[in-house]
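Working notes, structure below.
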Amino acid sequence: MEEELYAPGKAAVDVAGLVLSRLSGHTAAGTDAAAFVEAATGGSLSFSALRRGALSLASGLRLGLGLRRGDAVLVMSRNSLLLPQILLGVLAAGGVVVVAADPDAEIPAAAAAASGAVMVVADPEAAAKVAGAGVPLLLTSRSQDPRALSAEELIDGGDPTAFLLQQPAPAPTDLAFVAYSSAANRTVAMTHADLAGAVAAACLPPPDDGRRVCLASLPMCSAHGLPLVALGLPAAGVTTVLVAPPSDARTTREAVAAHGATDVVAAPEAAAALAGSMPLDGKLSSLRRVVVAPTAFTSEVRMEFRRRLPWVDLTELSGTEIMEAADHAGAGLGGDLMLTQTETAGGIVQQPAEQMAATNEAASPVRPLKKIQNIISGAIFSRSTTSKILRKHPVTGNTQVVSKL
């Protein structure tokens, strides 16, 4: 049934269906290449593993933890091999992904309240930022704390074939993604049509040898990072190498040479380092495209970049340009990256929560564990995983599905 729902070439109304169908196509095309590589550890995640992990998590979130269509989920994590599985899994489960782009400790908690988030998925380092928010917490990776449940456990223990799209598919105008930024006093919102357009725009023609490798330091939990890095590049069949923001020009060029990168997605400072004053030494000969976000180059940097790297296609994304391109009514799969944003003097606005309420199946929070024990014990997880989850989260009183800060 899973293959029928997300078969290659099948028209997908929601962005998760679109991405999952493209992942199936890449897997069926031949060798199961790496969709993501973590430069720091050398670990990798194949296209089939990305698809399987996202569907396994969607099973756990929707059928196990009671996530409902239109529910907002705040995701807080650094780039990792787990993160694209989590972001795609939340969308596949029908949830609305919410991110807070700023490191300010007050922003994530405010974003959770403003969006009406029913759950927070966070890595251990970020979990403290939502302390006291009163929202159930799901860690990204396994914890030594026996009371904490993680997305990694749901990914590893879930059954991707158990998740069936029994709910109505999202409409193109349904909200799919919200990004908060206090630094710019901006809230960015994207519908399913917007994200689908961004995914299609990322599927550029491959270079002459048919192989694309992208060096990405842009955070996936950001207005440009989610549609481009987390969804668009894997949907296009690109191998994305996750790197930390480089500290100098030499580091940047050596990384491009080491991985044979054809694409780079980075912030302006990191991208500008590619065209620094150091001799090129042939280290950038494989490079064909550079995407700069979330702000554009200055005119001086742009001129120097084009002078030093004339063979490289340069794309600059910024919030202002994106807002001007937004057109929900006419959004299509061939469109550019389209966002809408609301700016206020006070920072975070309440409008996204109202939009989400229109698509929520119910206003109730995630159901308590005692109401879903039979669901978890069914076909979603293996018996060993079920026993572990129920042992960590015994049914008592008002115990919630995931740890509550």
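No lab work stands behind these numbers, since they all come straight from the coordinates. Because the structure is a prediction, the values reported are computed rather than measured.
Please work out whether region 10-142 counts as rounded, prolate or oblate from its C-alpha gyration tensor, where a ≥ b ≥ c are the square roots of the eigenvalues and a/c under 1.5 means rounded, while otherwise a/b larger than b/c means prolate and anything else oblate?
On the way: a/c = 2.37, a/b = 1.48, b/c = 1.60.
Oblate is the answer for region 10-142, as a/c is 1.5 or above yet b/c matches or exceeds a/b.
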Amide H neighbours of residue 212 under 5 Å, at least 5 residues apart or on other chains, H built in the peptide plane: list them. 239
Amide H contacts of residue 143 (H built 1.01 Å from N, under 5 Å, at least 5 apart or other chain): none
Row for region 236-302, column shape: gyration tensor on C-alpha, a ≥ b ≥ c, rounded if a/c < 1.5 i.e. under 1.5, prolate if a/b over b/c, else oblate; value oblate
